Amino acid sequence: MILASAQSAGELSDVEDELFRFGQTVDGDNQVQGFMGWAFADKDKAEAWVEGRRPLSFEDSRNGDCMVINAWSANSTRVTRFLLAEMRRVGKDKLTVYFKRHYKDGTTRPARLAVNSFVQSHIERGAELHAQ
């Protein structure tokens with residue numbers, strides 16, 4: 001397992017284990033404010049996962065042309081935006097990002113986002129904003 005040292009607010013530390021990759025952002029008091037977990041899989045495996053037909057195995061999630069978001073938590077809108085920017089950065093070379101929306105009534109909705117040319121422009125715009 002690889003673990004980056006504790007980060008200040010506005011940075012994402014990455015952890016990689018045998019199955020999924022994780023990132024978290026912490027504040028100046030070293031308190032976790034957000035968390036994102038992801039894996040890379042081929043399209044057929046990602047589709048089966050998002051539709052609930054099968055889990056991803058270790059072999060399924062090592063590499064692939066799709067990004068699967070399997071965990072997400074953010075304590076504020078600012079942290080949500082930060083995690084979205086990191087998701088764009090990490091998944092910029094993938095075809096599609098897959099995730100599941102879970103609702104309070106117990107329902108789950110599968111979701112898919114195509115990665116297109118706008119992702120790179122979002123990354124560049126974010127870099128410009130942080131440089132100011």
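I'm trying to understand the selection: among the residues of region 37-54, which are assigned to a helix (DSSP H, G or I) and of a type in the set (Gly, Ala, Ser)? Ala46, Ala48 - these are the residues of region 37-54 that are assigned to a helix (DSSP H, G or I) and of a type in the set (Gly, Ala, Ser).
Entry remark, region 69-114: residues being touching a residue at least 40 places away in the same chain (Cβ under 8 Å), touching a strand residue (DSSP E or B) at 6+ places or on another chain (Cβ under 8 Å) and not basic (Lys, Arg) number 20 in total. Restricting region 37-65 to residues that are among the basic types (Lys, Arg) and surrounded by fewer than 18 Cβ atoms within 10 Å (Cβ to Cβ) leaves a set whose member that is nearest to the chain's Cα centre (by Cα) is Arg62.
Looking only at region 55-79, which residues are closer than 22 Å to Lys94 by Cα and either in a helix (DSSP H, G or I) or touching a Pro at 6+ places or on another chain (Cβ under 9 Å) (or both)? Glu59, Asp60, Ser61 - these are the residues of region 55-79 that are closer than 22 Å to Lys94 by Cα and either in a helix (DSSP H, G or I) or touching a Pro at 6+ places or on another chain (Cβ under 9 Å) (or both).
Each row is one residue, and each column tells you yes or no for (1) modelled with pLDDT of 85 or more; (2) over 21 Å from Gln33 (Cβ atoms); (3) exposed (fewer than 11 other Cβ atoms within 10 Å of the Cβ).
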| site | (1), (2), (3) |
| --- | --- |
| Met67 | yes, yes, no |
| Arg81 | no, no, no |
| Ala85 | no, no, no |
| Arg89 | no, no, no |
| Tyr98 | yes, yes, no |
| Gly106 | yes, yes, yes |
| Arg109 | yes, yes, yes |
| His130 | no, no, yes |
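Annotation: of all residues in region 111-121 being surrounded by fewer than 15 Cβ atoms within 10 Å (Cβ to Cβ) and in a helix (DSSP H, G or I), the one that is modelled with the highest pLDDT is Ser121.
For region 12-36, the set of residues classified as outside any strand (DSSP E or B), surrounded by 15 or more Cβ atoms within 10 Å (Cβ to Cβ) and either aliphatic (A, V, I, L, M) or at pLDDT below 50 (or both) consists of Leu12, Leu19, Phe20, listed by residue number.
The values are calculated or read from the model by the stated rules, or taken from the named source; none is laboratory data. All figures in this text were calculated on a predicted structure; none of them were measured in a lab. Using ideal geometry, Cβ is built from the backbone for each residue, glycine included, and neighbour counts are taken over all protein chains shown.
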